[in-house]
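Scroll down for the structure; my scribbles are underneath it.
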Amino acid sequence: MKVLLTGADGQLGQAMQQSLVGHDLLATTRDSLDITDQSNVQTLVRQFEPDVLINTAAYTQVDAAESDIDGAYLVNETGPLYLSQATSETGAAIVHVSTDYVFDGKSKKGWLESDETRPLSVYGKSKLAGEQAVRNTNPRHFIVRTAWLYHYSGQNFLRTMYGLADRDEVRVVDDQRGSPTNADDLAEAISRLIKTDSYGTHHLVNSGSASWYELTREFYRQLGIKTPVIPVSTGEFPRPAPRPESSVLMTEQHTGIELPSWQQGLARLVEQIRLSGWSD
Ligand SMILES: NC(=O)c1ccc[n+]([C@@H]2O[C@H](COP(=O)([O-])OP(=O)(O)OC[C@H]3O[C@@H](n4cnc5c(N)ncnc54)[C@H](OP(=O)(O)O)[C@@H]3O)[C@@H](O)[C@H]2O)c1
């Protein structure tokens, strides 16, 4: 399969490159393909003629987006629109990755693909706008919503927690619940999804749910770190962007594509840290 990948330097981009070995892959970074450059997007898609384009590029700084609204919409809505238009023109399918932050998090029962979206933050609103742009322009779309993503290669919450482990104690928010997801597991699921014609919206996350506190406790437990982890409320760490209280993703799609539990996802990362270390 001919696959064009965007955002290849990001967490999911790097994981995708590994899981797509064996495909005819053109992996692009911001330097080689800025997704907000319509003419370059069109030219590359026409030249390469992919069977599928996987867009992992995004404006992912949730707090910065609150004061950089145009910047967030440019990368999260306009860029995906260009990619979707270009692929639609050549008949390629498109995978566009989105987020649990399209939901307001007010229901604790978990969110299905068909549930009503109501993003709280600029980031969430710009990602929802990107979903809609893709849905409206290329019928062969897979909108993949994921959540609380981490990867060995990335700067993420778990790397921060790893760096804080030499403190006397670590205080972590316990009143936000979500679906922590290892980008390696997600990349493998997307690699399976593109072989199907199950177009539409898909929630793909490691199964189960955790608070940031529970995630940190389990991470430290698996690593054998004894630093006490103290549960605190969101109010203790005020941030510019509001976060959904409960954004656990569930699925009503019957593709047979399931990710392991979040504890198993974590174990995969811990294994990589044991083998190669992890700088903070
Ligand atoms: N991280 C999470 O917790 C999380 C949760 C839910 C959903 N998601 C979604 O999952 C996807 C992957 O996230 P991630 O964690 O892998 O993100 P990431 O590590 O921040 O990677 C995003 C990549 O996109 C690149 N990029 C930014 N603007 C670009 C542009 N105009 N043209 C081309 N590339 C551009 C970035 O390059 P620079 O480094 O040069 O900016 C970066 O390499 C995104 O759609 C994100 O919204 C992430």
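Summary of computed values
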read-out	value
Size of charge dipole - the stretch 175-280 - debye, nearest 20, with Cβ of Lys, Arg +1 and Asp, Glu -1, no other charges	240 debye
Label-point separation in nm, Q155 to F48, each point 7 Å along Cα→Cβ	2.6 nm
Helix-only CD estimate at 222 nm, as mean residue ellipticity for the chain, using -39500 (n - 2.57) per DSSP H run (n ≥ 4)	-11000 deg cm²/dmol
Label-point gap, in nm, between Q264 and K226 - each point 7 angstrom along Cα→Cβ	3.2 nm
Sorted by Cβ neighbour density within 10 Å, fewest at the top, the residues S247, S211, S114	S114, S211, S247
The stretch 108-165: C-alpha pair distances exceeding 19 Å, %	50 percent
Loop GluC sites (Glu not before Pro), the stretch 152-226 (other Cβ atoms within 10 Å of the site Cβ: 14 or fewer; DSSP)	E169
Centroid-to-centroid separation of the stretch 214-280 and the stretch 1-61 [C-alpha atoms, Å]	27 Å
15 Å cut-off, amide nitrogen to a point 7 angstrom out along R239 Cα→Cβ, residues in the stretch 62-78	62-67
Ratio of Rg to Rh over the stretch 72-222 (Cα coordinates, Kirkwood Rh, two decimals)	1.01
Principal axes of the stretch 216-261: Cα extent on each, largest first, Å	40, 33, 13
Length gained when the stretch K195-N40 is fully extended (0.36 nm per residue, less Cα-Cα span)	53.1 nm
Nearest-20 debye value, the chain charge dipole, Cβ charges on Lys, Arg, Asp, Glu	400 debye
Exposure proxy order (Cβ contacts within 10 Å, fewest to most) of K125, K109	K109, K125
Two-decimal Rg to Rh for the stretch 1-66 - Kirkwood Rh, Cα set	1.00
Qualifying trypsin sites (Lys or Arg not before Pro) in the stretch 202-240, DSSP loop, other Cβ atoms within 10 Å at most 10	K226
Average Cα contact separation per residue, the stretch 103-256, under 8 Å, 6 or more apart, as relative contact order %	40 percent
Placed amide H near V97: partners under 5 Å, 5+ positions off or other chain	N55, V144
Point-to-point label distance, R135-S107, nm (Cα→Cβ direction, 7 Å offset)	1.5 nm
Ratio Rg/Rh, restricted to the stretch 127-196 and using Cα atoms, in which Rh is the Kirkwood radius	1.11
The stretch 52-158: relative contact order in percent, alpha carbon pairs under 8 Å with at least 6 residues between	35 percent
All Cα pairs of the stretch 1-137, percent lying beyond 24 Å	30 percent
Under the Debye formula (equal points on every Cα, no solvent term), log10 I(q)/I(0) of the chain at q = 0.14 Å⁻¹	-0.99
Cα-based convex hull volume of the stretch 32-86 per residue, rounded to whole Å³	73 Å³
Pairwise FRET efficiency - K2 versus Q61, Cβ, R0 = 45 Å, nearest 0.05	0.90
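Just so you know, all these numbers are worked out from the coordinates, no wet-lab data involved. Please read all numbers here as calculations on a predicted model, not as lab measurements. Quick reminder, even Gly has a Cβ in these numbers, built from the backbone with ideal geometry, and neighbours come from all protein chains shown.
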